[in-house]
Amino acid sequence: MKTMFLNMPLLADVSKIATDDYVGFTFFVGCMAMMAASAFFFLSMNDFDKKWKTSILVSGLITFIAAVHYWYMRDYWAAFEESPTFFRYVDWVLTVPLMCVEFYLILKVAGARKSLMWKLILASVVMLVTGYFGEAVYNTGSGPAVWGLISGIAYFYIVYEIWLGSAKKLATEAGGAVLKAHKLLCWFVLVGWAIYPLGYMAGTPGWYDGLANLGLNMDVIYNIGDAINKIGFGLVVYGAAIAARDKN
Ligand SMILES: *C/C=C(C)/C=C/C=C(C)/C=C/C1=C(C)CCCC1(C)C
């Protein structure tokens, strides 16, 4: 028995990251950043009263789920130098609905109803599933452009709902820290989330092929988007909690 194991070749379970592998680098740093942000949110959540505690817990869950997925995506990239599309979309399909929950939690004091949350969650799932179809299933010919367009429509529905729809109305009524946080989160969705369709266009074939020729890498764009939107989004919630606490 013993000799059998001793004779087994030793396989390195850590892959090398080439010095010019900037995609691998962003997976690595992204993973660390998500872990650090999770520790920060989890450890600080008890500094706040119940309402804000839940919001900060959700911020921590978002970065924690991402950290675990980045762990796998980092490995996957190191092994295959290929886009970890499956892990990417599983991550998003878990974390983006949680961001919709975050909108709801913040507006709850203003009387937001669960139906608002479910509308946003449904739209986000449509956005992501159709994006996955374009990126991984119907990813030739006009497939990516068509599915990307459908995904984009769901995206604009979310933008509309929070910027101009019922969510906006509730935030205005609430005022104060709630309105401020809501406005900032709206900017994240309008500008921060717009990073993703750019990554998609850089990584899939379509009428927008010129973008890929700029030498942009889809995964680098997605990784930058995630860092901004998951950690930044959480920090806005944290900032609102601080503002609400210090006012009292
Ligand atoms: C933490 C992850 C986040 C906030 C991910 C957000 C992803 C999107 C907003 C993706 C949107 C897409 C489109 C609007 C069209 C093309 C396909 C997608 C899925 C990349």
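Listing for the model above:
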| item | result |
| --- | --- |
| For residue 88, net neighbour charge (Lys/Arg +1, Asp/Glu -1) across residues whose Cβ lies under 11 Å away | -4 |
| Region 45-100 versus region 144-223: alpha-carbon centroid distance in Å | 18 Å |
| Net charge over other residues, Cβ less than 12 angstrom from the Cβ of residue 64 (K, R count +1; D, E count -1) | 0 |
| Carbon/sulfur fraction of accessible area - the chain, other protein chains in place, 1.4 Å, % | 70 percent |
| Cα-centred dipole magnitude for the chain, charges only on beta-carbon of K, R (+1) and D, E (-1), debye, nearest 20 | 1200 debye |
| Total charge dipole magnitude, region 81-196, about the Cα centre, Cβ charges on Lys, Arg, Asp, Glu only, Debye to nearest 20 | 680 debye |
| Around residue 25: net Lys/Arg minus Asp/Glu count, Cβ-Cβ under 12 Å | -2 |
| Positive-end residue, region 2-247 charge dipole about Cα centroid, Cβ charges, pick of 236, 149, 48 | 48 |
| Cα-only Debye scattering, the chain: base-10 log of I(q)/I(0) at q = 0.08, 0.10, 0.11 Å⁻¹ | -0.35, -0.53, -0.63 |
| Solvent-accessible area per residue, Å², over region 2-247 with all protein chains present [probe radius 1.4 Å] | 52 Å² |
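The values are calculated or read from the model by the stated rules, or taken from the named source; none is laboratory data. Computed from a predicted structure; not experimentally measured. Please note: Cβ atoms are built from the backbone with ideal geometry, for glycine as well, and neighbour counts cover all protein chains shown. Note: accessible area is taken over every heavy atom of the protein model, side chains too, but ligands, DNA and RNA are not part of it. Shrake-Rupley method; radii C 1.70, N 1.55, O 1.52, S 1.80 Å.
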